[in-house]
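The values are calculated or read from the model by the stated rules, or taken from the named source; none is laboratory data. Quick caveat, the model's predicted, so the values are computed rather than measured. Counting neighbours? That spans all protein chains shown, and the Cβs are built from the backbone with ideal geometry, glycine included.
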Amino acid sequence: MTVDAILFFIVAAGAVASAVLMITGQNPVKSVLFLIVNFFCLAVLYLILHAQFIAIIQILVYAGAIMVLFLFVIMLLNLGTEEKHVDALNMKRSVAVILSCIVLFLILIAIGLPAAGTGGLPASALVNGTVETIGRDLFRQYLLPFEITSLLLLGAMVGVIVLAKKHFE
Amino acid sequence: MDLLTPHLLSIGPLLTLVAVALLVLLLESIITKSEPVSFWTSVAGLLVSIGIAVPGIAVHGSAFGGMLRTGGSANYFSIIFFICALLTIVFSRDYLKKRDSVFGEFYLLILFATVGMVLMAAAADLIIVFLGIELMSICLYVLAGFIRGSVLSNESSLKYFLLGAFATGFLLYGIALLYGSTGSTSITFLTEHFETYASSRLFLAGIGLLIVGLAFKIGAVPFHMWVPDVYQGAPTPVSGFMATGAKAAAFSIIIGLFAQRFVHGVQIGTLLAILAAASMILGNVVAIAQTNVKRMLAYSSIAHAGYMLTGLAAGNAYGRDGILFYLLAYAFMNLGAFGLISFMEQEGEKHLTFDDYAGLGTTKPFLAVLMSVFMFSLAGIPPFAGFFGKYYIFVGAVQADMTWLAIVGVLMSVVSVFYYLRLVMVMYFQDTLIGQTASYSASSAAFVVLAALILLGLGVFPSSLLAIITTLY
């Protein structure tokens, strides 16, 4: 087993564990903190795949900016420990768990458990993750999607202002 | 000439629309009392966009390194979206006045959503598909909640947003698996090499998740739960826009994936057939029990998603051309019907039940006649265009040895006659209620009449449109 593989299993276990703790936690602030742990684990996974750029963006944008927003909203809403609505949710929750397990099972079959993990990274992956290659692709082959993203953000901005503005003239 | 110019020229309709949207955005921020200016700019811009898109239908090409398809079906769909946006904007002006929410931002969001739809129809790459869907959906989430003081409108917006975000997750996961199994996000590559990868379970799982995400957008059973509540709560013209434009946009992607080369094979054909049958049965049967006309039309739109999926499951040119014909006809009849409902609706979401239409035939014969035209067309009764759409689709299913599906479709069309004609019956054979009012401007009335006339024209001369449709792919 290589160092990469050992590191992968440690980090992957961390990612799964923090994700489970996030959705089972009763306190929203704790959930958010577990989500940050999860994001960091994912960033390490990206690094193992030689995707340095994505890894840094993952930390800067998700663990940094978006998580701060989450914490702000939670504190503004002043949520206490969540009241337990176990009676109403119990039935739905067990159905949801069963369905999720079925979906997980089907996807694992589809991916083909024994086949996964063999092979290793293709040679192109070693250079694909650098800022240079991503930048080159972004402004050549993916120029149009890149520009459309700006429209998407503009549309979203207008939408948010329409919904949130206190008084329309 | 530099490298970019030919690409930009070939996406003329899209660029025009984006320019109009940005112009409206500027006008909104510069001018005080900007609503009338924004309204007329949007209307004029959409008319110009239609004018630019029409000649491009005859051309076939691609732009931006295989990111977009240009001309042909992309332009045909663009015209459908422009018509939907135009009718929605015209009808919504009267409606928003009634609900005390006349703001120019409404037209802006409609235009942005239309840009998203055009991208979806032109997409030759799954990345563009995703960006187009998101652009359209985000604008629709806001439009559904545009009446900010109304609890129903807020509920509609939030429900659509939460479920829509969930569905986007499926879509993205599907795209990721497809990329993982083939190393490409190009739709052209995927359709050309479909048979090579069809044995890969990873690939099929990706296709399956993609279908889930798209089936949500078209409101096919079992991903239809949101449709009635969202359509009921959203501003009435927006409901019409979602039922026609957004549905046509999602169908344009499904057609691009599965019906360009008819490669989907038995597995996916059966899957689509099951979705189609379930949508037709549930949509039509549950629609019978509705008392609210908006909810009735919501279930009817689920049923119509089923009819159109029937054409896809058939997997032949007949079925595909049937869908293309039906999507255009459906845009006119459904937007017309939602437009008339928005004329009748009164403050506080009132006058939306079947009983409120009692005796309309004597009090407002003009509106009653038009509503009857749209109901007849939705039910698929000749000589209106709805009949021919269904006819081509069912013929396609029979030719593909899916006679059972065609039989389900015909039986369910018969069921649908019951609830469409119930509205007509209520309008003509029941005593008038007091206090019936309708408010609409001359331009709205003109557009409804135009929609009805086009339905009649397409119904009498379907072959003229069909001749164009057969050249699209």
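B:VAL449 meets each of the listed conditions (1) more than 15 Å from B:SER377 (Cβ to Cβ); (2) in a helix (DSSP H, G or I) apart from (1). Please go through the stretch A:16-52 and give me each residue that is more than 18 Å from A:PHE70 (Cβ to Cβ), touching a helix residue (DSSP H, G or I) at 6+ places or on another chain (Cβ under 8 Å) and in a helix (DSSP H, G or I), ordered by number. Hits for the stretch A:16-52 are A:VAL44, A:LEU45, A:TYR46, A:LEU47, A:ILE48, A:GLN52. Assess whether B:LEU87 counts as being surrounded by 24 or more Cβ atoms within 10 Å (Cβ to Cβ), in contact (Cβ under 8 Å) with a residue 60 or more places away in the chain, assigned to a helix (DSSP H, G or I) and at negative phi. Judged against the criteria, B:LEU87 is a match. Here is the figure for the stretch B:98-116: residues that are charged (D, E, K, R), assigned to a helix (DSSP H, G or I) and within 14 Å of chain A (Cβ to nearest Cβ) total 1. Checked against (1) out of contact with any helix residue (DSSP H, G or I) (no Cβ under 6 Å at 6 or more places or on another chain); (2) within 19 Å of B:LEU340 (Cβ to Cβ); (3) at pLDDT 90 or above, B:LEU378 meets all criteria but (1). Assess whether B:LEU111 counts as being at pLDDT below 95 and either out of contact with any Pro (no Cβ under 8 Å at 6 or more places or on another chain) or of a type in the set (A, V, I, L, M, F, W, C) (or both). No; evaluated as a whole, the condition is false for this residue.
Among the residues here, B:THR168 qualifies as within 22 Å of B:CYS139 (Cβ to Cβ), surrounded by fewer than 20 Cβ atoms within 10 Å (Cβ to Cβ) and not aliphatic (A, V, I, L, M). Just one of (1) within 13 Å of another protein chain (Cβ to nearest Cβ); (2) surrounded by fewer than 17 Cβ atoms within 10 Å (Cβ to Cβ); (3) at pLDDT 90 or above fails for B:GLY51. It is (1).
Residue-level check: of (1) surrounded by 24 or more Cβ atoms within 10 Å (Cβ to Cβ); (2) over 16 Å from the mean Cα position of the chain (by Cα), B:PHE325 misses just (2).
Being surrounded by fewer than 24 Cβ atoms within 10 Å (Cβ to Cβ) and more than 14 Å from every other protein chain (Cβ to nearest Cβ), is that true of even one residue in the stretch B:197-205? Looking through the stretch B:197-205, none of the residues is surrounded by fewer than 24 Cβ atoms within 10 Å (Cβ to Cβ) and more than 14 Å from every other protein chain (Cβ to nearest Cβ).
The single condition among (1) away from chain A (no Cβ under 14 Å); (2) at pLDDT below 95 that B:PHE81 does not satisfy is (2).
Within the stretch B:403-424, being of a type outside the set (Phe, Trp, Tyr) and closer than 15 Å to B:PHE374 by Cβ holds for B:SER416, B:VAL417, B:LEU421, B:ARG422, B:LEU423, B:VAL424. The lone criterion from (1) surrounded by fewer than 24 Cβ atoms within 10 Å (Cβ to Cβ); (2) free of Cβ contacts under 8 Å to residues at least 40 places away in the same chain left unmet by B:THR188 is number (2).
In the set (1) within 14 Å of another protein chain (Cβ to nearest Cβ); (2) at pLDDT below 95, B:ASP94 fails one condition alone, (1).
Just to be sure, is B:LEU22 free of Cβ contacts under 8 Å to residues at least 40 places away in the same chain, within 12 Å of chain A (Cβ to nearest Cβ) and part of a helix (DSSP H, G or I)? Considered against the rule, which asks whether it is free of Cβ contacts under 8 Å to residues at least 40 places away in the same chain, within 12 Å of chain A (Cβ to nearest Cβ) and part of a helix (DSSP H, G or I), B:LEU22 comes out as yes.
Of the residues A:PHE72, A:PHE146, which is within 12 Å of another protein chain (Cβ to nearest Cβ) and either at pLDDT 85 or above or outside any helix (DSSP H, G or I) (or both)?
Matching residue, one of A:PHE72, A:PHE146: A:PHE146.
Put simply, of B:PHE429, B:PHE374, B:PHE418, B:PHE461 the only residue that is among the hydrophobic types (A, V, I, L, M, F, W, C) and surrounded by 21 or more Cβ atoms within 10 Å (Cβ to Cβ) is B:PHE374. Among the residues of the stretch B:384-397, is any touching a residue at least 60 places away in the same chain (Cβ under 8 Å), under 21 Å from B:ILE323 (Cβ atoms) and in a loop (DSSP other than H, G, I, E, B)? Within the stretch B:384-397, one or more residues are touching a residue at least 60 places away in the same chain (Cβ under 8 Å), under 21 Å from B:ILE323 (Cβ atoms) and in a loop (DSSP other than H, G, I, E, B).
Take the residues of the stretch B:260-298 that are part of a loop (DSSP other than H, G, I, E, B) and touching a Gly at 6+ places or on another chain (Cβ under 7 Å): which is surrounded by the most Cβ atoms within 10 Å (Cβ to Cβ)? Here the answer is B:HIS264.
Yes or no: B:ASP125 within 11 Å of chain A (Cβ to nearest Cβ), farther than 24 Å from B:GLY51 by Cα, among the acidic types (Asp, Glu) and surrounded by fewer than 24 Cβ atoms within 10 Å (Cβ to Cβ)? Step through it out loud before you land on a result.
Numbers: within 11 Å of chain A (Cβ to nearest Cβ): yes; farther than 24 Å from B:GLY51 by Cα: yes; among the acidic types (Asp, Glu): yes; surrounded by fewer than 24 Cβ atoms within 10 Å (Cβ to Cβ): no.
So B:ASP125 does not fit the description; no.
Does B:ILE80 satisfy being touching a Gly at 6+ places or on another chain (Cβ under 8 Å) and either charged (D, E, K, R) or more than 30 Å from B:GLN346 (Cα to Cα) (or both)? Spelling it out, it is not the case that B:ILE80 is touching a Gly at 6+ places or on another chain (Cβ under 8 Å) and either charged (D, E, K, R) or more than 30 Å from B:GLN346 (Cα to Cα) (or both). The residues in the stretch B:54-65 that are surrounded by fewer than 21 Cβ atoms within 10 Å (Cβ to Cβ), within 14 Å of chain A (Cβ to nearest Cβ) and in contact with a strand residue (DSSP E or B) (Cβ under 6 Å, 6 or more places away or on another chain) can be counted, and the count is 1. Among the residues of the stretch B:157-177, those that are of a type in the set (A, V, I, L, M) and either closer than 14 Å to B:LEU131 by Cα or away from chain A (no Cβ under 12 Å) (or both) comprise B:LEU162, B:LEU163, B:ALA165, B:ALA167, B:LEU171, B:LEU172, B:ILE175.
What do you reckon, is A:SER100 away from chain B (no Cβ under 12 Å), assigned to a helix (DSSP H, G or I), at pLDDT 70 or above and within 21 Å of the chain's Cα centre (by Cα)?
Yes, satisfied.
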